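Participant: Below are the structure tokens for one structure; questions will follow.
The values are calculated or read from the model by the stated rules, or taken from the named source; none is laboratory data. Predicted, not measured: the structure shown is a model, and the values here were computed from it. Positions of Cβ are backbone-derived with ideal geometry, glycine not excepted, and every protein chain shown enters the neighbour counts. In case anyone asks, the SASA skips ligands and DNA or RNA and just uses the protein heavy atoms, side chains included. Shrake-Rupley method; radii C 1.70, N 1.55, O 1.52, S 1.80 Å.
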Amino acid sequence: MKKKTVLIIASIAAFVMGFAGCGNSNFGIVVNEDLNVEITAENADKGMMGATGTFTVGEGDDVQIEPNFEEGTVLVEFYPIDAADDVNADVEELAAKGEPEFDVEVSGTEPIECGFAAGDYMVNATVLEKANGTAVISLITAEEKDPWTKVSSAAEAAKGAGNMEEFEVPQQLKINDLTFSDPAFSYQDGVAQASYESGAIGIYVRKACGIYGGPMTDRDLESFPQHWTQQVGDDADDVVDCYGMEKDSAIVIQWGDTEEFYTVTSQGLGGEEYGMDATTVSWLEDVID
């Protein structure tokens with residue numbers, strides 16, 4: 001997922017307290033070339049600290065901290081500041097005041113995501129245990145977040161989507177010579193999704209009801225040179241739209257009407273494309289509801 005950081009740095013507002021050391025002991029917090037806040041510790045002793053401002057968190061944004069520490073723990077604190085006064089502030093005025101809006105102890109290599117009130121913050125970092133390594137602080141904006149809410153069943157996905165009586169998919173899909181099992185379920189407003197994976201191939205089944213107006217597949221349908229329809233029933237309306245690089249090897253199939261609409265997408269997860277033949281297309285249209 002792409003991350004974006006919004007930082008407003010006044011000419012005298014970016015500063016470091018304790019970017020110093022004895023011998024090879026150093027600790028610092030700076031804004032790197034990607035405009036992310038970067039903490040660097042080289043044999044940093046307990047009590048060393050640094051700060052930089054302003055770090056702006058937008059409405060609905062999450063803060064992500066990506067540590068890479070061989071050892072030690074660093075306390076990261078976010079103190080609210082008045083961005084309007086930031087440009088004219090000196091170092092003393094920017095010193096942390098009151099209680100932080102949010103604080104977290106950072107160590108190891110496990111990423112941390114945290115959400116708190118939108119606003120402008122000064123970021124403080126303090127070594128709690130002798131530390132070696134780095135940490136990068138950035139934002140995941142509201143627009144960049146995963147729009148899907150994960151749930152544990154198809155029924156919950158249908159309920160979360162709203163205005164959908166049911167969402168039924170097989171526990172196991174057999175597509176050509178691959179078997180896909182144990183789907184994961186999620187939803188957005190108006191659409192339910194079941195996701196299957198097998199090796200480097202993902203299969204994504206979506207059902208939308210009338211209130212949904214977003215894309216039914218993450219693939220660009222115009223990028224496929226072949227588009228054809230397949231009859232799957234006796235009624236003239238029983239047809240499935242198929243898209244792929246070649247006929248009888250569909251990457252995306254779609255069917256339905258304005259009340260209920262279905263899409264199945266094959267997605268190579270770093271591997272080759274994996275198309276659905278005519279037999280598979282008919283079977284999928286029959287078993288998905």
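Participant: (1) at pLDDT below 90; (2) over 21 Å from the mean Cα position of the chain (by Cα): which one isn't true of Lys130, the others all being true?
Facilitator: The single condition Lys130 does not satisfy is (1).
Participant: Please specify each residue of region 107-126 satisfying the condition of being over 21 Å from the mean Cα position of the chain (by Cα) and in a strand (DSSP E or B).
Facilitator: Hits for region 107-126 are Gly119, Asp120, Tyr121, Met122, Val123, Asn124, Ala125, Thr126.
Participant: Next up: Among (1) in contact (Cβ under 8 Å) with a residue 40 or more places away in the chain; (2) farther than 15 Å from Ala161 by Cα, where does Ala236 come up short?
Facilitator: The failed condition is (1).
Participant: In region 180-234, how many residues are closer than 17 Å to Thr258 by Cβ and surrounded by fewer than 14 Cβ atoms within 10 Å (Cβ to Cβ)?
Facilitator: Going through region 180-234 one residue at a time, the tally reaches 5.
Participant: Quick check on my filter: what residues within region 104-130 are open to solvent by 20 Å² or more (accessible area, probe 1.4 Å) and under 16 Å from Asp62 (Cβ atoms)? I'd like the intermediate steps shown before the answer.
Facilitator: We begin by selecting, within region 104-130, every residue open to solvent by 20 Å² or more (accessible area, probe 1.4 Å); these are 104-105, 107-113, 115-120, 126, 128-130.
Residues satisfying the conditions are Val104, Glu110, Pro111, Ile112, Glu113, Gly115, Phe116, Ala117, Ala118, Gly119.
Participant: Continuing with this model, one more query. How about region 235-244: which of its residues are surrounded by fewer than 16 Cβ atoms within 10 Å (Cβ to Cβ) and small (Gly, Ala, Ser)?
Facilitator: Answer for region 235-244, where residues must be surrounded by fewer than 16 Cβ atoms within 10 Å (Cβ to Cβ) and small (Gly, Ala, Ser): just Ala236.
Participant: Scan region 33-41 and tell me whether some residue there is open to solvent by 60 Å² or more (accessible area, probe 1.4 Å), over 15 Å from Thr73 (Cβ atoms), at pLDDT 95 or above and not hydrophobic (A, V, I, L, M, F, W, C).
Facilitator: No, the conditions are met nowhere in region 33-41.
Participant: Within region 256-275, can one find any residue that is out of contact with any Gly (no Cβ under 9 Å at 6 or more places or on another chain), in a strand (DSSP E or B), open to solvent by less than 70 Å² (accessible area, probe 1.4 Å) and under 20 Å from Asp234 (Cβ atoms)?
Facilitator: yes
Participant: Read through the list (1) open to solvent by 60 Å² or more (accessible area, probe 1.4 Å); (2) closer than 18 Å to Asp289 by Cβ, then give the number of the only condition that Leu173 fails.
Facilitator: Just one mismatch for Leu173, condition (1).
Participant: I'd like the residue in region 217-244 that is touching a Ser or Thr at 6+ places or on another chain (Cβ under 8 Å) and of a type in the set (Val, Ile, Thr) and, out of all such residues, is farthest from Glu285 (Cα to Cα).
Facilitator: Of region 217-244, the ones touching a Ser or Thr at 6+ places or on another chain (Cβ under 8 Å) are 217-219, 230, 232, 239-242.
The next check asks that each one be of a type in the set (Val, Ile, Thr); those that pass are 217, 232, 239-240.
Values: Thr217: 16, Val232: 8, Val239: 9, Val240: 8 Å.
The residue in question is Thr217.
Participant: Also, quick follow-up: What number of residues within region 46-61 satisfy the criterion of being more than 14 Å from Gly133 (Cβ to Cβ) and either among the aliphatic types (A, V, I, L, M) or in contact with a Lys or Arg (Cβ under 7 Å, 6 or more places away or on another chain) (or both)?
Facilitator: Counting residues in region 46-61 that are more than 14 Å from Gly133 (Cβ to Cβ) and either among the aliphatic types (A, V, I, L, M) or in contact with a Lys or Arg (Cβ under 7 Å, 6 or more places away or on another chain) (or both) gives 4.
Participant: Continuing with the same structure: Among the residues of region 209-232 satisfying the criterion of being free of Cβ contacts under 8 Å to residues at least 24 places away in the same chain and assigned to a loop (DSSP other than H, G, I, E, B), which is farthest from Ala278 (Cα to Cα)?
Facilitator: Out of the qualifying residues, it is Gly213.
Participant: Quick check on Gly50: is it farther than 30 Å from Pro147 by Cβ, modelled with pLDDT under 80 and not aliphatic (A, V, I, L, M)?
Facilitator: Taking the combined requirement at face value, the residue does not satisfy it.
Participant: Is it true that Glu66 is at pLDDT 90 or above, of a type outside the set (Phe, Trp, Tyr), open to solvent by 20 Å² or more (accessible area, probe 1.4 Å) and touching a Pro at 6+ places or on another chain (Cβ under 8 Å)?
Facilitator: Against the criterion (at pLDDT 90 or above, of a type outside the set (Phe, Trp, Tyr), open to solvent by 20 Å² or more (accessible area, probe 1.4 Å) and touching a Pro at 6+ places or on another chain (Cβ under 8 Å)), Glu66 qualifies.
Participant: Right, next: So, in region 156-169, how many residues would count as being open to solvent by 70 Å² or more (accessible area, probe 1.4 Å), within 24 Å of the chain's Cα centre (by Cα) and not acidic (Asp, Glu)?
Facilitator: Counting residues in region 156-169 that are open to solvent by 70 Å² or more (accessible area, probe 1.4 Å), within 24 Å of the chain's Cα centre (by Cα) and not acidic (Asp, Glu) gives 1.
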